[in-house]
Amino acid sequence: MTGAFLTINAGSSSIKFAVFDSDAASTKPRIRGKVAGIGTTPVFSARTAGGGALDAGALASLDVLSGHDAVIALLLPWLATHTGDRPLLAVGHRVVHGGQDLTGPTLISPSVLEQLERLVPLAPLHQPHNIAAIRAVAKWQPDVPQVACFDTSFHRSQDRLAQLFALPRALTDEGIIRYGFHGLSYEYISSVLPDHLGDRANGRVIVAHLGNGSSMCAMKDRKSAATSMGFTALDGLMMGRRCGALDPGVVLYLMQDKGLSAPEIEDILYKQSGLLGVSAISNDMQVLQDSENPHAQEAIDLFCYRAASSLAALVPSIGGLDALIFTAGIGENSAMVRKLICDRLSWLGAALDDTANVRNAVQISSHQSPVDILVIPTNEEAVVARACSTLLQSPTS
Ligand code: AMP
């Protein structure tokens, strides 16, 4: 039967959605949109595949008091009027954490929902929103199958060493390991690498997903070999509001000497650090790039220095570097950030073509560069829609 797939990506302050035709091989949705600024000033926007803006309808009434539940309650009926005459065949969700057991797209059942609930402590700022969206859809359309696609799954191909912390074995056995995130983005980039790199796609590739949340993934044979995020989405690169890798002694100091509580420290590490913390201006790279304040430049410089350092730390997992791919909001759009990172990677042979970089071209490495450097837009929704299609055809896979 032909119909539509709806994909939902429920984040901490936004809900992104897309509607795909089930019979179209295209990775382009017929509608793509989001409600941003949930909890502050919600702003709805949606466009058709042709680029036409769609009217917000009842979603125009959202205000500061509208939480995720209120947004979903208005969004789902809005979507129902925009799937045309195509029945909704499945709803796919980006879910941040699948733990060690959920290693691929999974049809949601009451027992799967229980598993997802048990993983909330591992992703307290994201997983509850993913679960709430699943429950809201089940209330609205109880008979429509729902599919969970996990940000952690792509990394389960890693060697055990890449997943271990040097912690006591008993803690490792409890599941305190490096899970890694942004897996749907990496899966998409992995799927299109041959279009850009031919045979080199199966070589030694590092993908830099640089957005509000940022991480890197080292791939060989288009599979994850190592990644910068760890047990939680706090580790690794500096981000919009998150600190990234931090000496754990700082956390002990904040607790023991400054007397801060766990929630207070969580707030500092997840919400007050990163670009926002260092600049004391904004978590938004574009705002910092436009600012003349030296603290803004210092935040950008630190972001790029730490990104280059993280990349260097990933190289041993794949034994060298054939290609570097930039993706996500900053990676796809900021020529300045790409330049500052690549300038620190010349020892690896990476050389930019500055003109191509400023143009946001796809291939931005110079002809002499032994490392291909590319800008490839990510498309996590397409990965989720593809998973819906696959699971509906073969639900036990
Ligand atoms: P994402 O989380 O992938 O949506 O990325 C959001 C980040 O991308 C924000 O920090 C934006 O400022 C940044 N961004 C988007 N467009 C640009 C641009 N043209 N130049 C610099 N940063 C940008």
Heavy atoms of the protein only, probe of 1.4 Å, neighbouring chains included. What is the accessible area of Arg160 in Å², nearest 10? 140 Å²
About the Cα centre of the chain, how large is the charge dipole given +1 on each Lys and Arg Cβ and -1 on each Asp and Glu Cβ? Please answer in debye to the nearest 20. 440 debye
Value of Rg to Rh for region 174-282 (Rh from inverse mean 1/r over Cα pairs, i.e. Kirkwood): 1.09
Expected 222 nm ellipticity per residue - DSSP helices of 4 or more, -39500 (n - 2.57), all of the chain, to 500: -11000 deg cm²/dmol
Too long for a 29 Å Cα-Cα cut-off, among Lys34/Lys139; Lys220/Lys271; Lys28/Lys223; Lys28/Lys220; Lys223/Lys271; Lys34/Lys258, are Lys220/Lys271; Lys223/Lys271; Lys34/Lys258
Sum of side-chain charges, Arg204 neighbourhood, beta-carbon under 13 Å (Lys, Arg +1; Asp, Glu -1): 0
With a ≥ b ≥ c the root eigenvalues of the C-alpha gyration tensor of region 169-228, is it rounded (a/c under 1.5), prolate (a/b larger than b/c) or oblate? prolate
The chain: longest segment with zero exposed GluC sites (Glu not before Pro), where exposed means DSSP loop plus at most 15 other C-beta atoms within 10 Å, is residues 1-173
For region 270-392, what does the alpha-carbon gyration tensor say about shape, rounded, prolate or oblate, given a ≥ b ≥ c as the root eigenvalues, a/c under 1.5 as rounded, and a/b over b/c as prolate? oblate
Quick one: ranking Thr327, Thr40 by accessible area, 1.4 Å probe, largest first, what do you get? Thr40, Thr327
With all protein chains present, calculate the accessible area of Thr27 using a 1.4 Å probe and round the result to the nearest 10 Å². 60 Å²
So which DSSP H runs in the chain come out at 15 Å plus along the axis (Cα) with average Kyte-Doolittle of at least 1.0? 68-80
For region 74-226: rounded, prolate or oblate by the Cα gyration tensor [a/c cutoff 1.5]: oblate
At 1.4 Å probe size, put Ser279, Ser157, Ser310 in order of accessible surface, largest to smallest. Ser157, Ser310, Ser279
Protection proxy (average C-beta count within 10 Å per residue), highest first, orders 284-291, 50-57 as 284-291, 50-57
Test item: Cα-centred dipole of region 24-114, Lys/Arg +1 and Asp/Glu -1 on Cβ, debye: 460 debye
Report, to one decimal in Å, the Kirkwood hydrodynamic radius for the chain based on all distinct Cα pairs. 21.9 Å
Charge tally in the Cβ shell below 11 Å around Asp284, where Lys, Arg are +1 and Asp, Glu are -1, Asp284 excluded: 0
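The values are calculated or read from the model by the stated rules, or taken from the named source; none is laboratory data. In this text the structure is predicted, and so the values were computed from the model without any measurement. For neighbour counting, all protein chains shown are included, and Cβ atoms are generated from backbone atoms with ideal geometry for every residue, glycine included. All accessible areas refer to the heavy atoms of the entire protein, side chains included, with ligands and DNA or RNA removed. Shrake-Rupley method; radii C 1.70, N 1.55, O 1.52, S 1.80 Å.
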